[in-house]
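Structure incoming, see below.
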Amino acid sequence: VIGQNPGTNHPRMLTALRDAKRNGAKIIHVNPLPETGLVRFKHPQDYMKLSFGSEQLADMHLQVKIGGDAALLHGLMKVQFELDALDHEFIEEKTDGFSKLKKTVESTDWDQIETDTGLERFQIETAGRRIAQSNATIACWAMGLTQHRNGVAVIQEVANLILMGGHIGKQG
């Protein structure tokens, strides 16, 4: 699961993330600020059951610079290419423009990705390896990815990352 700014105003999303976590999901939290709900999630109804503890949902926090989302996604895609963590059959049968995407991503320099994201290559590669090992990856976000001038392009890159692994319509 890759999450960007689920926000504390989205209890259903956080509850879904909690349930996924309890079922074994690994959550990568991408946000310029740590999201309290992903660090110490507490469902409001738990208080009615006299359950006062909280759960950490995120396994990893990537504190990306504001506006650095597309660069991060290119870094994550670079890792998928390097590890050949691609669903070649899905890509061939269900996508268009893959060779153009590959050329664009591979021409993106790691130094530029680090500068644009504010993250170290090691952090991005660690997250990328987790994605590469995933059998079923989802991405979720509130408004964080869409509320800036390149929001559409960022969502396209999210979709590209998910498509590379054939994670559309998969169980889990």
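Rounded to the nearest 0.05, what FRET efficiency is calculated for Asp84 and Thr126 with R0 set to 22 Å and r the Cβ-Cβ distance?
On the way: r = 18 Å, r/R0 = 0.81.
E between Asp84 and Thr126, to the nearest 0.05, is 0.80.
Mind checking the full-extension length gain between Ala153 and Thr15? Use 0.36 nm per residue of separation minus the Cα-Cα distance, one decimal, nm. It would help to have the intermediate numbers written out before the result.
Details: separation 138, 0.36 × 138 = 49.68 nm, distance 2.82 nm.
This chain segment gains 46.9 nm when fully extended.
Sticking with the crude label model, points 7 Å out along Cα→Cβ, report the distance from Thr146 to Gln63 in nm, one decimal please.
2.8 nm
Can you list residues whose amide H is under 5 Å from Gly165's amide H, if they're 5+ apart or on another chain and H is modeled 1.01 Å from N?
Close amide H contacts, sequence-distant or interchain: Asp87.
A follow-up question, please. Roll a 1.4 Å probe over the protein heavy atoms and report the accessible area of Arg129 in Å², nearest 10.
Counting only protein heavy atoms, Arg129 exposes about 100 Å² to solvent.
Using 0.36 nm per residue, how much length does the chain from Gln133 to Arg22 gain when fully extended, once their Cα-Cα distance is taken away?
Values: separation 111, 0.36 × 111 = 39.96 nm, distance 1.83 nm.
Additional length available on full extension: 38.1 nm.
Given a cut-off of 25 Å, name the pairs among Lys26/Lys65; Lys26/Lys78; Lys65/Lys94; Lys65/Lys170 whose C-alpha atoms lie farther apart than that in the structure shown.
Numbers: Lys26/Lys65 22 Å; Lys26/Lys78 20 Å; Lys65/Lys94 33 Å; Lys65/Lys170 31 Å.
Long pairs (Cα-Cα over 25 Å): Lys65/Lys94; Lys65/Lys170.
Using a 1.4 Å probe on the protein heavy atoms only, what accessible surface does Lys21 show? Give it in Å² to the nearest 10.
Surface accessible to solvent at Lys21 totals approximately 50 Å².
The values are calculated or read from the model by the stated rules, or taken from the named source; none is laboratory data. Just so it is clear, the structure is predicted and the values come from calculations on it, not from any experiment. FYI the Cβ positions are ideal-geometry reconstructions off the backbone, even for glycines, and counts take in every protein chain you see. The area values use the complete protein model at the heavy-atom level, side chains included, leaving out ligands, DNA and RNA. Shrake-Rupley method; radii C 1.70, N 1.55, O 1.52, S 1.80 Å.
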